[in-house]
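The values are calculated or read from the model by the stated rules, or taken from the named source; none is laboratory data. Computed from a predicted structure; not experimentally measured. Reconstructed Cβ throughout: ideal geometry from the backbone, glycine too, with neighbour counts over all protein chains shown.
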Amino acid sequence: MSSQHRSYTTTDSMLRHHATRDEHVLKGIPASHGIAIGRAFVLSVESPSVQSEKISGERITEEVARFRSAVELAAAELISAIELAREETENVSTIIESYLMIVGDPILSHTVISKIEQGDTAEWALIEEFDAKRQMLFQARDPILRERAQDLDHVKERLLSHLRNKTLSHAAARDAIVVAGSMTPQDILFFKKTNTRAFITEIGGINSHSSILARDVGIPAVIGLRNATTDIPNDTTIIVDGYAGVVIVHPSEETLELYREKQGRAEEYRARLGTLINEPTITQDGLSVRLLANIDSPDQVDGAVMAGCEGIGLVRTEFLLMQHGGYPSIEEQTEWYSDIAERAYPRPVTFRAFDVGSDKFREGIPHHEDNPALGLRGIRFLLYRPDLFEDQIYAVLRASRHRNVRFMLPMVTVLEELHQAKVMIETCKHRLAMEEVDFDPHIQIGVMVETPAAALMAETFAQAADFLSIGTNDLAQYALATDRTNEMVADIFDALHPAVIRMIKMVVDAGRLHSTPVSVCGELAGHAAATEMLIGLGISELSVSPTLCLELKDRIRSMQYFECLELTHRLMMCTTTQQVYSLLSGGR
């Protein structure tokens, strides 16, 4: 592999060599690639204590007015953030809209105002009501409800800030590196407008909304850096290495010069990537790899095409549900799917059936689940609600008239699920034929391999499906029995665990045996350290965020396939994740 790519990973030995007595290195989790040098803008996590105080008379009227004003200001702030989000990425706007729903919840507001009218200050009434709701949600076993508890925290802090007239001035962080306990998506959007150079947070997950948004907008970020707000002094010069997850405080002149050179090389590299758009994705010894894009809305198709993607490998159709707030009609779905297929034509488009349940959209799931990740989700939910599934199948088939559409089934675990889905697809085909509606009668049906059961049965699925796609995020979660959204076990979750790698190889071998194409569409497909491994394992199709497409193409074009094969042979002998990382970082 070209040394050019390895130059962006800072090693501990490099840092030890350049460190001085004044500078020190903090290690976190790399959440968004890039290098930033600048002053630290530390957001204080201290919050003035609120004491219980009984009020009466005119003071009650004043406190109610203060609370209502805080609600209006918070709502206006969130509406501005939603408008910014729609300019950047439609997905994030739905998250911020959920905050707006909490702010505008008439029941919550009525309860807070009732407490004020009974003699509480606005701050005390707000904290009491929100904390009571938060505690109730946080004790729930359902992770979606626990996530709503965190949403309540964000909204509460915003309202308290407006009550105290101490709202954050995002402009104060202009050209700085923001250090905070945590970061909301709207914070990232507002900070981006002020040319914030990077983000450092004490908590957060690699797949959190804020981390995903930081990657989407191209701002370096390091997360999970405990005590960052106390260990990093305000206005201090710091370096953020989003490739290695490293933060350097009080860097020496030698270290600064080292990172300025790395910044310059990175900028030259990004400029050079633009020349690769029309170049083939092929290794130096002639192996061709197909690069596709993961998208969530029609607006992202154009960006994927401009980035040189050869098609759309994954359309997350559940984002249509989030935008719509429920299940759209057949006509609305047909229009949405057709828009994507027509924009991409003649490139192929793969629509994944609604992946409902677990940590995603949950409307229509009939009752509380103690463990939703193991419950009614993906194909299980679709077969439980055949009315909703048939509507989607019917709409996707209608959008297939240009013959560039594929349909993929999520979370398939047993063969019977695939057979039942195929029966429903054939029924919808027959219905369309009777109605003389044009569609692709030979539309390819694929299966997502996301569970150990599906990986172990890969040969069976390879014979029954037209293509297989490995969802590495869920495959790792289920193989390692680790909730990938739970920060308490974030150090265990890793798609580069030897068990996950062996399952990927098992699926690829099954695909080869039965001439069934196998792709990877999870986060691992875009992981810089994993590309050589995936090529060596035999993956010939990778589907990633459009922003990663050119970088991935450049890495593949710098590789030798026989070196990838050699690396894979060594990886298959690894027994720990640390051994895998050592090999991937060049420790042959």
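Tally the residues that are over 20 Å from Val349 (Cα atoms) and not in a loop (DSSP other than H, G, I, E, B), restricting the search to the range 380-404.
8
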Problem - Matching residues, the range 450-468, being touching a residue at least 60 places away in the same chain (Cβ under 8 Å) and more than 11 Å from Thr516 (Cβ to Cβ) - result: Glu450
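Scan the range 570-588 for residues that are in contact (Cβ under 8 Å) with a residue 12 or more places away in the chain and either assigned to a loop (DSSP other than H, G, I, E, B) or more than 17 Å from Leu524 (Cα to Cα) (or both) and jot them down.
Those that are in contact (Cβ under 8 Å) with a residue 12 or more places away in the chain and either assigned to a loop (DSSP other than H, G, I, E, B) or more than 17 Å from Leu524 (Cα to Cα) (or both): Arg570, Met572, Cys574, Thr575, Thr576, Gln579, Ser585, Gly586, Arg588.
Looking only at helices (runs of 4 or more DSSP H) that lie completely in the range 435-488, which have at least 3 residues being modelled with pLDDT of 95 or more and over 18 Å from the mean Cα position of the chain (by Cα)?
Helices (runs of 4 or more DSSP H) meeting the threshold: 452-456, 458-464.
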Fill in the blank from the handout: Counting only residues in the range 221-242 that are surrounded by 23 or more Cβ atoms within 10 Å (Cβ to Cβ) and at pLDDT 90 or above, the one nearest to Arg260 (Cα to Cα) is identified as Ile239
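Going through the range 530-540 one residue at a time, which ones are in a helix (DSSP H, G or I) and not charged (D, E, K, R)?
Ala530, Thr531, Met533, Leu534, Ile535, Gly536, Leu537
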Completion exercise
Subset of the range 502-529, residues part of a helix (DSSP H, G or I) and either closer than 16 Å to Thr281 by Cβ or touching a His at 6+ places or on another chain (Cβ under 9 Å) (or both), comes to Ala525, Gly526, Ala528
Problem - Counted residues, the range 52-71 - those being more than 41 Å from the chain's Cα centre (by Cα) and assigned to a helix (DSSP H, G or I) - result: 5
Problem - Selection within the range 186-196 - within 16 Å of the chain's Cα centre (by Cα) and under 13 Å from Ala221 (Cα atoms) - result: Ile188
Exercise for the section: Among the candidates Ala122, Ala85, single out the residue that is at pLDDT 85 or above, small (Gly, Ala, Ser) and closer than 28 Å to His170 by Cβ. Expected result: Ala122
Fill in the blank from the handout: Residue pairs qualifying under the 6 Å Cβ cut-off, at least six apart or on distinct chains, with the first in the range 258-285 being of a type in the set (A, V, I, L, M, F, W, C) and the second being surrounded by fewer than 15 Cβ atoms within 10 Å (Cβ to Cβ), are Ile282/Ser288
Exercise for the section: Look at Gly274 and say whether it is outside the structural domain of Cys549 (by TED's automatic domain parsing), surrounded by fewer than 12 Cβ atoms within 10 Å (Cβ to Cβ), at pLDDT below 85 and under 28 Å from the mean Cα position of the chain (by Cα). Expected result: yes
Practice task
Please verify whether the range 424-433 includes one or more residues that are buried (at least 22 other Cβ atoms within 10 Å of the Cβ) and touching a helix residue (DSSP H, G or I) at 6+ places or on another chain (Cβ under 6 Å).
Solution key: no
Practice task
Would you check which residues across the range 308-325 are free of Cβ contacts under 8 Å to residues at least 12 places away in the same chain and assigned to a helix (DSSP H, G or I) and list them?
Solution key: His324
Practice task
Determine, yes or no, whether Lys553 is in contact with a strand residue (DSSP E or B) (Cβ under 7 Å, 6 or more places away or on another chain), surrounded by 17 or more Cβ atoms within 10 Å (Cβ to Cβ), touching a residue at least 12 places away in the same chain (Cβ under 8 Å) and outside any loop (DSSP other than H, G, I, E, B).
Solution key: yes
Completion exercise
If you go through Ala525, Ala529, the only one that is under 23 Å from the mean Cα position of the chain (by Cα), assigned by TED's automatic domain parsing to the domain that holds Gly471 and buried (at least 22 other Cβ atoms within 10 Å of the Cβ) is Ala525
Exercise for the section: Report yes if some residue within the range 404-419 is without any contact (Cβ under 8 Å) to a residue 24 or more places away in the chain and out of contact with any strand residue (DSSP E or B) (no Cβ under 8 Å at 6 or more places or on another chain); otherwise report no. Expected result: yes
